[in-house]
Structures are given as C-alpha cells and as structure tokens.
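Trainee: Shown below is the structure under consideration.
The values are calculated or read from the model by the stated rules, or taken from the named source; none is laboratory data. Given the structure is predicted, the values throughout are model-derived calculations rather than measurements. No Cβ is skipped: glycine too gets one built from the backbone with ideal geometry, and neighbour counts run over all protein chains shown. In case anyone asks, the SASA skips ligands and DNA or RNA and just uses the protein heavy atoms, side chains included. Shrake-Rupley method; radii C 1.70, N 1.55, O 1.52, S 1.80 Å.
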Amino acid sequence: MGNEKGFILPFTLLFLSVILTVAVASKDLYVSKYRYLTNMQNVYERKISLYQTVLYEMEAGGGVDGLRKGSFGTMSVDYLEDSGDLKQMEVRLNQPGEVFLPVVVVYNKDTKKIVDWK
C-alpha cells in the first residue's frame, strides 16, 4: 500500500497526538504524586519532632515549662495539671509563619505510658 491516497500523514498525526496526550498526562500524575509525597514528608517530620519532645519530657520526668529546639522547629512545653500519678502537658510547635494546634498529652508518671493524646 503506497501513499497515493494520503493515508500516512493523518495516521502519523493521530499517533503523535495520542503519544503527546499520554506523555502530558503522565507528567501531571508524576508532579501530583511528588507534591503529595513532599507534603506528607513535612507532616511526618512535624509529628516525629512532636513525638520526640513528648518522649523526652516523659523520660526526664519534667514538670518544668520550657522550650526545646528540635530539627523541625521550637517546641514549647507547658505542664497543665498534676493529679496523683497522672501528668498533663501541652506541647506547641512554633515555626515562623506557621500556626499549629497544641497537643495535650496525659501520661502516667510511674509507668511512663501515655493515657490520652488530644
């Protein structure tokens, strides 16, 4: 079959448009997944920094309000109430330009186990 009836040019243009559409769609999918993973990495880094602060305060026995510098920001720890063997502390993550809700942790002083995490 030759090119007498003009078959090759339209077929080539159609094939090229399909390939370009697939390439653009896969690039958008890659960029979307990359942004999602970058955002999730930031969320998990914040959580790990928060968990490390709570663990450090529980192990130290604390009771003293103060600031701790972590790898992801500055953590302020405030002890709210002490009822028997339960201690309650509030941990805030401070970063310039970012606002995060405080986390209230209730733990047992003796066993050093977390009872409640809000």
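Trainee: Between TYR30 and PHE7, what FRET efficiency comes out of the Förster formula 1/(1 + (r/R0)^6) with R0 = 41 Å and r the beta carbon distance, rounded to 0.05?
Mentor: Working: r = 35 Å, r/R0 = 0.85.
The value I calculate is 0.70.
Trainee: If each residue of separation counts as 0.36 nm, what is the full-extension length gain between TYR79 and ASP116 once their alpha-carbon separation is subtracted?
Mentor: Working: separation 37, 0.36 × 37 = 13.32 nm, distance 1.45 nm.
The TYR79-ASP116 span can extend by a further 11.9 nm.
Trainee: If DNA, RNA and ligands are ignored and the probe is 1.4 Å, what is the ranking of LYS87, LYS33 by accessible area, most exposed first? Show your work: numbers first, answer last.
Mentor: Working: LYS87 25, LYS33 120 Å².
The residues order as LYS33, LYS87, largest area first.
Trainee: Taking the solvent-accessible surface of protein heavy atoms with a 1.4 Å probe, what is the per residue accessible area of segment 7-117 in Å²?
Mentor: Values: 8030 Å² over 111 residues.
That works out to 72 Å² for each residue.
Trainee: Counting only protein heavy atoms, what percent of the accessible surface of the chain is carbon or sulfur at a 1.4 Å probe?
Mentor: Details: 5480 of 8890 Å².
Roughly 62 percent, rounded to a whole number.
Trainee: Please work out which option in [x] 60, 13, 9; [y] 28, 18, 10; [z] 32, 15, 13 gives semi-axes √(5λ) of the Cα gyration tensor in Å calculated from these coordinates, and answer with its label.
Mentor: [x]
Trainee: Want the number for VAL18 to TYR56: 0.36 nm per residue separation, take away the alpha-carbon distance, what's left?
Mentor: On the way: separation 38, 0.36 × 38 = 13.68 nm, distance 5.67 nm.
Extending this stretch completely gives an extra 8.0 nm.
Trainee: Taking LYS112 as the anchor, which lysines have their alpha carbon closer than 23 Å to its alpha carbon, excluding any fewer than eight residues away along the same chain?
Mentor: LYS47, LYS69, LYS87
Trainee: Just tell me the longest site-free run in the chain, where the sites are chymotrypsin sites (Phe, Trp or Tyr not before Pro) in a DSSP loop having at most 15 other beta-carbon atoms within 10 Å. Write down the numbers at each step before the final one.
Mentor: Details: sites that count: PHE7, PHE100.
With chymotrypsin sites (Phe, Trp or Tyr not before Pro) excluded where exposed in loops, the chain gives 8-99 as its longest stretch.
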